[in-house]
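Asks: Before I ask anything, let me first share the structure, which is written out below as structure tokens.
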Amino acid sequence: NIGTGGALVAKTPELYERIKLIQNMHGNIMSPLTAYMMLQTMKTMGLRIRQQSSSAMKIATFLESHPKVSKVVYPGLASHPQKELADRQHRDGLHGGMLWFDVKGDPIKLMDGIKRPWTLCENLGAAESIITACAVMTHANMLREDRLKVGITDGFIRVSVGIEDPEDLIRGLDDALNSI
């Protein structure tokens, strides 16, 4: 959430020249403060990714067995349709901190019942864990039939796992799920 950086690669020399022209006209250098802050966050990135991946796996496993959950999608789960591919492509079994599940019941009640350490917002997260009821938050402006065509059901809950204690996160989810 501090800044954006990246790399741009061109397939052809012509495309490279076009990119360089735009770069020359608009510039592409981030401010020194943004660069410094990004470098600072990179120092702990490995630790954060390991914690987020480990916690996401624990949360996904918990959700798979919860009676108020009909489906859980996380590439680390044996039930994931592309688990073998994920295992080959994700280094050291680190499948990241993003997962989603379908809740049986009212997603608004789930959002109303979720407590700290969870954060309720429409972001993809950072060090804090975030939960989103996509049908009524990020994709509320879509027609229901269009949402369903792209796989966003009424009970679709997106989770971005942070670095908090996974047992605290599971307890918060369990309490909120049991209240709907």
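The values are calculated or read from the model by the stated rules, or taken from the named source; none is laboratory data. This structure is a prediction, so every number in the text was calculated from the model and none was measured. Every residue, glycine among them, receives a Cβ derived from its backbone with ideal geometry; neighbour counts consider all protein chains shown. Just so you know, the surface numbers come from the protein's heavy atoms only, side chains and all, with ligands and any DNA or RNA stripped out. Shrake-Rupley method; radii C 1.70, N 1.55, O 1.52, S 1.80 Å.
Asks: Please report how far the C-alpha centroid of the range 1-36 lies from that of the range 47-77, rounded to the nearest whole angstrom.
Replies: Using only Cα atoms to place each centre, the spacing works out to 36 Å.
Asks: Would you mind working out the magnitude of the charge dipole of the chain relative to its Cα centre, with +1 at each Lys and Arg C-beta and -1 at each Asp and Glu C-beta, to the nearest 20 Debye?
Replies: 340 debye
Asks: Rounding to the nearest 20 debye, state how big the charge dipole of the range 111-180 is about its Cα centre with +1 on each Lys and Arg Cβ and -1 on each Asp and Glu Cβ.
Replies: 280 debye
Asks: Between Val150 and Asp106, what is the label-to-label distance in nm when each label sits 7 Å out along the Cα-to-Cβ direction?
Replies: 2.7 nm
Asks: Report the extension gain between Glu64 and Ala78 in nm, rounded to one decimal, defined as 0.36 nm multiplied by the number of residues separating them, less their alpha carbon distance.
Replies: Gain on extension, Glu64 to Ala78, equals 4.0 nm.
Asks: Roughly how many Å² is the accessible area per residue of the chain, as a whole number, for a 1.4 Å probe?
Replies: Here the per-residue accessible area is 62 Å².
Asks: Starting from a Cα-only point model with no solvent, please compute log10 I(q)/I(0) by Debye for the range 21-105 at q = 0.21, 0.24 1/Å.
Replies: Calculated log10 I(q)/I(0) at the listed q: -0.93, -1.09.
Asks: Could you tell me which residue out of Leu63, Leu21, Gln89 lies farthest along the dipole of the chain toward its positive end? Charges go on the beta carbon: Lys and Arg +1, Asp and Glu -1, centred on the Cα centre.
Replies: Projecting each Cα onto the dipole axis, the largest value belongs to Leu21.
Asks: A further question follows. Once the chain is represented by equal point scatterers at the alpha-carbon sites, with solvent omitted, what log10 I(q)/I(0) does the Debye formula produce at q = 0.15, 0.16, 0.18, 0.20 Å⁻¹?
Replies: Debye output, listed in q order: -0.96, -1.03, -1.16, -1.29.
Asks: Sticking with the crude label model, points 7 Å out along Cα→Cβ, report the distance from Thr44 to Arg116 in nm, one decimal please.
Replies: 1.8 nm
Asks: To the nearest 10 degrees, how steeply does helix 13-26 sit against the main Cα axis of the chain, on a 0 to 90 scale?
Replies: 90 degrees
Asks: For the ranges 138-146, 72-80, what's the packing order if you count other beta-carbon atoms within 10 Å of each residue, average per peptide, and put the highest first? Intermediate results must be reported in sequence, preceding the final value.
Replies: Details: 138-146: 12.0, 72-80: 18.2.
Those peptides, ordered most packed to least, come out 72-80, 138-146.
Asks: Further, regarding this structure: Work out how much length Arg88 to Ile22 would gain on full extension: take 0.36 nm times their residue separation and subtract the Cα-Cα distance, in nm to one decimal.
Replies: In short, 20.0 nm is gained.
Asks: So for the range 38-119, averaging the separation of alpha carbon pairs under 8 Å that are six or more residues apart and normalising by length, what relative contact order in percent results?
Replies: The value is 32 percent.
Asks: Relative to the present Cα-Cα distance, how much length would full extension add between Ala127 and Asn178 at 0.36 nm per residue of separation? Present the calculation step by step, with values, prior to reporting the outcome.
Replies: Numbers: separation 51, 0.36 × 51 = 18.36 nm, distance 2.61 nm.
Full extension from Ala127 to Asn178 adds 15.8 nm.
Asks: Report, in debye and to the nearest 20, how large the dipole of the range 42-124 comes out about its Cα centre when Lys and Arg carry +1 and Asp and Glu carry -1 on their Cβ.
Replies: 280 debye
Asks: Let me check I've understood the local charge: for His80, count other residues with C-beta under 12 angstrom from its C-beta, Lys and Arg +1, Asp and Glu -1. What total comes out?
Replies: So the surrounding residues net to -1.
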